[in-house]
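Below are the structure tokens for one structure; questions will follow.
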Amino acid sequence: MKIMMFAHGGSLNRGCEAIVRSSTSLIKERIRDAKVYLASGKPDTDQIITKLDGIYDGSARGIRKYSYDWFVSAVKMKLFQDETYALGKIHDNIVRHIPGMDVCLSIGGDNYCYGEQPGWYEINRRVKASGKKLVLWGCSIGEEDMSEKKLEDLKRFDLILARETLTYNMLVQKGLTNVQLCADPAFTMEKEELELPSGWQDGNTVGLNFSPLVWKRNVQSQQAVRELISHILTTTDMTIALTPHVMEGGNNDYEMLRQYYEEFRATDRVILLPGDLNAVQYKGYISRMRFFVGARTHATIAAYSNFVPTMVLGYSIKSKGISKDIFGEEKLVLGIKEISDGVLLKAKFDEMIREERELRQRLQTSIPHIKKMSYKAVEHLGKLVQSR
């Protein structure tokens, strides 16, 4: 059984790494003789995931001007408004591997949250035209993200695995009958505990993750987070561990967090974790924190899965849905508009401290069930494979 993951941008985003790493482990654990391959936009960054059976260059490539493909693409667009030929050539690094596979997993969990995706639509069409099974793996999609074209594309999938109930319920309400509920595979990912850095307080360190992606969507949020850091330093005796989780060009958590580190380093209570760790190593640090405040979804999943009370600087449906499935409500999840309010951030942090015991108990109760739901994804995949 040959399975190819695609729609993956590379492992400089440790959340994307966590999805690939944990999904590969789940599949190989539960589906006998499964071979798992990855088509990646940045294949060099994925060599750290050793359980994969192969890594392909899945990056998009341009069509050279005045080439044969350029002329054919231009004619098809001008005469028929047909971009399928061009899209096939642009994504040929993925398309060329489809015939050799049995199942293709589109693994970009929130790819469908960012407008129309004609390139993915074309790849999906070609998977089905080749007679292969097509699966959308662990997705989150908001009602506001839906369109007629997107809905038509979603109907192509043999199986859609929604990683939280908000997405699942919305897709079912849209009339899709190919949807099953699961949980994000990263809840099951292993951790590696490295040596703790100087200044870390055992049992009394709070992690803080912030991202340029959130800051760009709400510029005032950067000041609000600064106020939160000051509040933690003033009202508690905790150490703050600034925790990056994405290190891509133009979207680098480490660079943003380093600014906070330089501003507050004189307090001797602020640590900046390295920017070159892998996902399991970051999870190892996060697992030993007392609290966590995070913008990156998979950094918060690392905290949740280790029973660490967590406040989420949420910016999409996935943050809300995951929290709702754990707590029965959107607990300590702040929307994109709310996180510019420093007073609100401080109040929610104080609420997290007050409810520390209850939050930890709820996580200890809920997370085993959530992990079982992660395994549900591969169970549904196994049934699909058996039905070939």
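Run E330 past the list (1) outside any helix (DSSP H, G or I); (2) touching a residue at least 60 places away in the same chain (Cβ under 8 Å) and report the number of the one that doesn't hold.
The one condition E330 does not meet is (2).
Quick check on my filter: what residues within the range 20-51 are part of a loop (DSSP other than H, G, I, E, B) and farther than 13 Å from V385 by Cβ?
G41, K42, Q47, I48, I49, T50, K51
Sticking with this structure for a sec: Mind telling me which of the residues V72, V95 ends up being out of contact with any His (no Cβ under 9 Å at 6 or more places or on another chain), farther than 30 Å from E248 by Cα and hydrophobic (A, V, I, L, M, F, W, C)?
V72
Given the conditions (1) out of contact with any Phe, Trp or Tyr (no Cβ under 8 Å at 6 or more places or on another chain); (2) in a helix (DSSP H, G or I); (3) at pLDDT 95 or above, report the number of the one that K320 does not fulfil.
Going through (1) out of contact with any Phe, Trp or Tyr (no Cβ under 8 Å at 6 or more places or on another chain); (2) in a helix (DSSP H, G or I); (3) at pLDDT 95 or above one by one, K320 breaks only (3).
Follow-up question, since we're still on this one. Restricting to the range 207-235, give me the number of residues that are surrounded by 20 or more Cβ atoms within 10 Å (Cβ to Cβ) and not β-branched (V, I, T).
Adding up the residues that qualify gives 8.
Test G9 against the stated conditions and say whether it is closer than 22 Å to G119 by Cα, within 17 Å of the chain's Cα centre (by Cα) and at pLDDT below 95.
Taking the combined requirement at face value, the residue satisfies it.
Do we find that I123 is over 22 Å from V172 (Cβ atoms) and part of a helix (DSSP H, G or I) in this structure?
Criteria met by I123.
Contact list please: Cβ distance under 6 Å, first residue in the range 70-81 and of a type outside the set (K, R), second residue part of a helix (DSSP H, G or I), pairs at least six apart or on different chains.
Qualifying pairs under 6 Å: V72/Y85; S73/Y85; S73/A86.
To continue, here is another question. Condition first: out of contact with any strand residue (DSSP E or B) (no Cβ under 8 Å at 6 or more places or on another chain) and of a type in the set (S, T, Y). Now tell me which residues in the range 314-365 satisfy that.
Residues satisfying the conditions are Y315, S316, S340, T365.
Continuing with this model, one more query. Quick one: in the range 247-297, of everything that is of a type in the set (A, V, I, L, M, F, W, C) and in a helix (DSSP H, G or I), which residue is farthest from V225 (Cα to Cα)?
So the residue we want is V280.
Mind checking which residues of the range 254-278 are touching a Phe, Trp or Tyr at 6+ places or on another chain (Cβ under 7 Å) and closer than 30 Å to H8 by Cβ?
Within the range 254-278, M256, L257, L272, L273, G275 qualify.
Another one. Which count do you get for residues in the range 144-185 that are part of a strand (DSSP E or B) and under 15 Å from Q117 (Cβ atoms)?
Here is the first cut: in the range 144-185, the residues part of a strand (DSSP E or B) are 159-162, 179-181.
Next, only the ones that are under 15 Å from Q117 (Cβ atoms) stay: 160.
Going through the range 144-185 one residue at a time, the tally reaches 1.
Okay, next question. Tell me which helices (runs of 4 or more DSSP H) are completely within the range 54-113 and hold 3 or more residues being farther than 25 Å from A34 by Cα, or say none if there are none.
68-80, 84-90
Under the condition of being buried (at least 18 other Cβ atoms within 10 Å of the Cβ) and touching a strand residue (DSSP E or B) at 6+ places or on another chain (Cβ under 6 Å), which residue from the range 35-48 is nearest to L381 (Cα to Cα)?
For the range 35-48, the residue satisfying everything is V36.
Any residue at all in the range 337-355 that's surrounded by 16 or more Cβ atoms within 10 Å (Cβ to Cβ), among the basic types (K, R) and not in a helix (DSSP H, G or I)?
No; the residues of the range 337-355 include none that is surrounded by 16 or more Cβ atoms within 10 Å (Cβ to Cβ), among the basic types (K, R) and not in a helix (DSSP H, G or I).
Got a number for residues in the range 96-138 being surrounded by fewer than 22 Cβ atoms within 10 Å (Cβ to Cβ), free of Cβ contacts under 8 Å to residues at least 40 places away in the same chain and within 15 Å of the chain's Cα centre (by Cα)?
Here the count works out to 1.
Taking the stated definitions as given, is E263 at pLDDT below 95 and not aliphatic (A, V, I, L, M)?
no
Here is a follow-up. If we keep just the residues of the range 356-369 that are surrounded by fewer than 17 Cβ atoms within 10 Å (Cβ to Cβ) and not acidic (D, E), which is farthest from V308 (Cα to Cα)?
For the range 356-369, the residue satisfying everything is H369.
Looking for whichever is touching a strand residue (DSSP E or B) at 6+ places or on another chain (Cβ under 6 Å) and polar (S, T, N, Q) here; the options are N204, N209, N218. Which one fits?
Answer to the check: N209.
The values are calculated or read from the model by the stated rules, or taken from the named source; none is laboratory data. Model, not experiment: these values are computed from the prediction. Positions of Cβ are backbone-derived with ideal geometry, glycine not excepted, and every protein chain shown enters the neighbour counts.
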